[in-house]
Amino acid sequence: MDVTVVDPSDESALRAWWEVGEAASRERAFDAWPAWEVSRVSIPRPRPDVDVVLVAAALDGRVVGAGMLVLFRADNPHLAELFVYVVPDARRQGVGSAVLADLEARAVADGRTALVATAYAPVGAESAGTLFCAARGYPVASREETKLVDLRTAPASWDALDREVAAGLAAYSVVGFERRMPAEHVDAFCAMLSVFSSMVPSGDLELGETTWTAERLHATEERFLETGRTWIGALALTPGGTACGFTELSVHDVDPRHAEVGGTLVLPEHRGHRLGLAMKLRSHRRVRELFPACAHVETGNAGVNAPMNAVNEAMGYRVVERALDVQKKVATAS
């Protein structure tokens, strides 16, 4: 087994790595793997808040395994996120184990004490990923569901939701944003991002606090622009005009079939006014306007997050798979 580091600037090597992930992801409930034209631009682009290491595993000269290690730098310096992919016809030959061992060794050498990953599986069944994680000592730390809303059919029921929103908003309001956060809301938005991880159900995952500044936000905005991702969202505003909630998603310009929600939050003291529903209606409608070819939007929620699950159900989201966040605690290198 030959496991080597992939230079993301080497397009041939990156393409071989990408093809493994694409083949491994075909078993998921929908086409979730980024298009090549997306990956070839986004993966090589460095990020100031994380370090990313790609590895590939070859058998008899054929690349059959791929891995990615994400080392968080801005927050959670104890944490590493691992991704392992194996083409279906090369499984049960030690490929995944070799890739995982390589990624684990790199994470431990960097001082990480908690390793996390996500395994996807059909509703009510196991998958190669869930079985692999369990066998390699990664217990489930948090359970979520991946959901899709069909933008071709669901909007037919949204007019009725508008009436529900109008009855609940009172003196609150909702405004949209695209590509960049309006300057007058940057500070409030960063404050919400900084508490987001502590307010979203995360089970037993060892997630620490995050710190968002205007500088970090603007760097993220620039990265989206440079990699061809359109950032779309909505803000909930108090009667005084201060942002008290947000929802945001992104769409790849060169492959707009699929949009992905990044996060949605309404601060606790402002809940009960249908702000989450109002923001989602606005952002999803804007996606349809800007990207008519976008077929669906993806989101993920923990089963215990009843308020957000109710909003998503009203919007027309349906569960398509289970997403199990697994976690392994390790000792640092001596």
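Data table
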| quantity | calculated |
| --- | --- |
| Options V251, V174; residue that is touching a His at 6+ places or on another chain (Cβ under 9 Å), over 30 Å from Y138 (Cα atoms) and not in a loop (DSSP other than H, G, I, E, B) | V251 |
| Subset tally (residues that are part of a helix (DSSP H, G or I) and either surrounded by 15 or more Cβ atoms within 10 Å (Cβ to Cβ) or of a type in the set (D, E) (or both)) for the range 220-231 | 6 |
| Test for S9: is it over 30 Å from S194 (Cα atoms), free of Cβ contacts under 8 Å to residues at least 40 places away in the same chain, among the hydroxyl-bearing types (S, T, Y) and not in a helix (DSSP H, G or I) | yes |
| Residue that is surrounded by the most Cβ atoms within 10 Å (Cβ to Cβ), among those in the range 31-67 that are in a helix (DSSP H, G or I) and among the charged types (D, E, K, R) | R40 |
| Total residues in the range 254-283, condition assigned to a helix (DSSP H, G or I), within 16 Å of A314 (Cβ to Cβ) and either modelled with pLDDT under 95 or out of contact with any helix residue (DSSP H, G or I) (no Cβ under 7 Å at 6 or more places or on another chain) (or both) | 4 |
| Which listed residue is surrounded by 20 or more Cβ atoms within 10 Å (Cβ to Cβ) and either modelled with pLDDT of 95 or more or under 24 Å from V311 (Cβ atoms) (or both), from A214, A234 | A234 |
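The values are calculated or read from the model by the stated rules, or taken from the named source; none is laboratory data. Here the structure is a predicted model, which means the values were calculated and not measured. Counting neighbours? That spans all protein chains shown, and the Cβs are built from the backbone with ideal geometry, glycine included.
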